[in-house]
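A quick write-up on the structure given underneath.
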Amino acid sequence: MTHTIQPNNPETTPAPDTTDIPAAPAPAGAPSSSALPAALKRRVPKYSDLAPLMQFKKPEFSREARLKRASTIWELRDIAKRRTPQAPFDYTDGAAEEEITLRRARQAFLDIEFRPGILRNVSAIDLSTEILGKPSRLPVGIAPTGFTRMMQSEGEYAGSQAAEAAGIPYTLSTMGTASIEDVAAAAPSGRNWFQLYLWTDRDRSLELIERAAKAGNDTLMVTVDTAVAGARLRDVRNGMTIPPALTLKTVLDASYRPAWWFNFLTHEPLTFASLSRYTGTVADLINSMFDPTLTFEDLDWLRKTWKGKLVVKGIQTVEDARRVVDHGADGVVLSNHGGRQLDRAPIPFHLLPEVKQAFTADNSNAAIMLDTGIMSGADIVAALALGADFTLIGRAYLYGLMAGGRAGVDRTLQILEKDMARTMALLGVSKVSDLTPDHVRLLAK
């Protein structure tokens, strides 16, 4: 018998005849194909099944759509960085020297453990509180920030109007780029506070105090941690000046952010709440205007001069918190200036329980406020639980402003409000006054 031998090629080798080989038995317990549920049998999909899944959305590039996609303050920061020239963005984002204080302040909020309670009725969450004798719809206000219209042309007007709409306080800085009177007119129903840097020229300081009172500001917040300017190295490297200088570097930077420069150049030049014009570096401005000789006697003078609520911002020790209250302060802001003055300064969140304990021991009803490092509603809830009566946001507000003007500030407050409500519900807490230190544990390093 003749056999034809095929080449040893797997592509031409015929498959073995399996006609008479029995199929392998199915695993024990496996259903036969006829017994499979209809949902598990494979089939060719029908168009009617695919149509509901093919909901392609039209791309949206508007400011509103861009802001709506941001679900955290960090995402607003990303948008802000893309839309803002490097010098003003870094002025907001940066801190002093190696920026150790800022990193530690943010890390402090990460190094906690929430301790939730279960089986509580949290169907309705009330975020309202009272601060310095008046109600606030949220336990957070907008902190004073300088040169704000340099970050985005709507500046203080966007911040004050967003705060007015949200039912929270807004604080205008001495170094703000809108006048006391203009901010009051822009947000006539808002709760406006004024932040004061005491100058060597006391007559100028007194003039500002009188203007603030006449414009309806009910709280004066004096900042006491700027005897000299901190070493903000990003500003030095960027050649940061007021107003921004049109150098070759800034012109190149502008080519990537034309909207910012268009807004900056087509609006009124930067003016200040406290002086008409200034040209030079930020550090030179601080060092030329602010008084390094301040003492507690100056606080006594302020207490006699200002008839409204008086708050001292820049408290970094328990002893100083007690002393300013003894000298007439109605409240303190535990703050290291956002890490922008002394690097390796105390962290407000770490200081908070000690100050609360001291005020309780003194039977003091002075308000305890806190800023620096807050980037979420959960951060705010943690601060309230550890004893803060109120919180303030600076960078978080400015990220929203740079990301989208007034709408961006609104989005910042919406994100924080949603964060706070969700965190409190998951903690089993329905109102701010029910938060206690039992809800937060500081994790050991």
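What to note about this one:
- Normalised per residue, the accessible area of the chain is 52 Å², obtained with a 1.4 Å probe and no contribution from ligands, DNA or RNA.
- Calculated SAXS-style log₁₀ I(q)/I(0) at q = 0.09, 0.15, 0.17, 0.19 Å⁻¹ - the stretch 287-445, Debye, Cα scatterers: -0.34, -0.92, -1.12, -1.28
- For the stretch 175-234, the spread of Cα positions along the three principal axes, ordered from largest to smallest, is 38, 29, 16 Å.
- Loop GluC sites (Glu not before Pro), the stretch 40-83, which have at most 16 other Cβ atoms in a 10 Å radius of their Cβ (DSSP): 60
- Dimensionless Rg/Rh of the stretch 81-144 - Kirkwood Rh, Rg from C-alpha atoms: 1.12
- Charged side chains reduced to their Cβ positions (Lys and Arg at +1, Asp and Glu at -1) give the stretch 61-148 a dipole of some 460 debye around its Cα centre.
- Max mean-square fluctuation residue, GNM over the chain, Cα-Cα springs under 10 Å, options 295, 226, 101: 295
- Listed residues 295, 39, 381: farthest to the positive end of the dipole of the chain (Cβ charges): 39
- Net charge contributed by nearby residues that have their C-beta within less than 9 Å of residue 430 (K/R +1, D/E -1): 0
- Rg over Rh, two decimals, the stretch 315-385 (C-alpha only, Kirkwood Rh): 0.96
- Point-charge dipole on Cβ atoms (K/R +1, D/E -1) for the chain, about Cα centre, debye to 20: 1180
- Its Cα gyration tensor gives the chain an equivalent ellipsoid. The semi-axes, each the square root of 5 times an eigenvalue, are 56, 29, 21 Å from largest down.
- Couplings for the stretch 362-372, taken from phi via the Karplus curve 6.51 cos²θ - 1.76 cosθ + 1.60 with θ = phi - 60°, read 7, 6, 8, 9, 5, 6, 10, 10, 9, 9, 5 Hz in order; Gly and Pro are left as x.
- Modelled FRET efficiency - R0 25 Å, residue 206 with residue 268, Cβ distances, 0.05 increments: 0.40
- The calculated 222 nm mean residue ellipticity attributable to helices in the chain amounts to -12000 deg cm²/dmol, summing -39500 (n - 2.57) over DSSP H runs of n ≥ 4 and dividing by all residues.
- In the calculated pair-distance distribution of the stretch 123-255, the portion above 26 angstrom amounts to 34 percent of the Cα-Cα pairs.
- The equivalent ellipsoid that matches the C-alpha gyration tensor of the stretch 396-445 spans semi-axes of 28, 15, 8 angstrom, in descending order.
- Fraction of accessible area attributable to carbon and sulfur, the chain (%, probe 1.4 Å): 55
The values are calculated or read from the model by the stated rules, or taken from the named source; none is laboratory data. All values reported here derive from a predicted model rather than from experimental measurement. So basically every Cβ, Gly included, is an ideal-geometry build from the backbone, and we count neighbours across all protein chains shown. The area values use the complete protein model at the heavy-atom level, side chains included, leaving out ligands, DNA and RNA. Shrake-Rupley method; radii C 1.70, N 1.55, O 1.52, S 1.80 Å.
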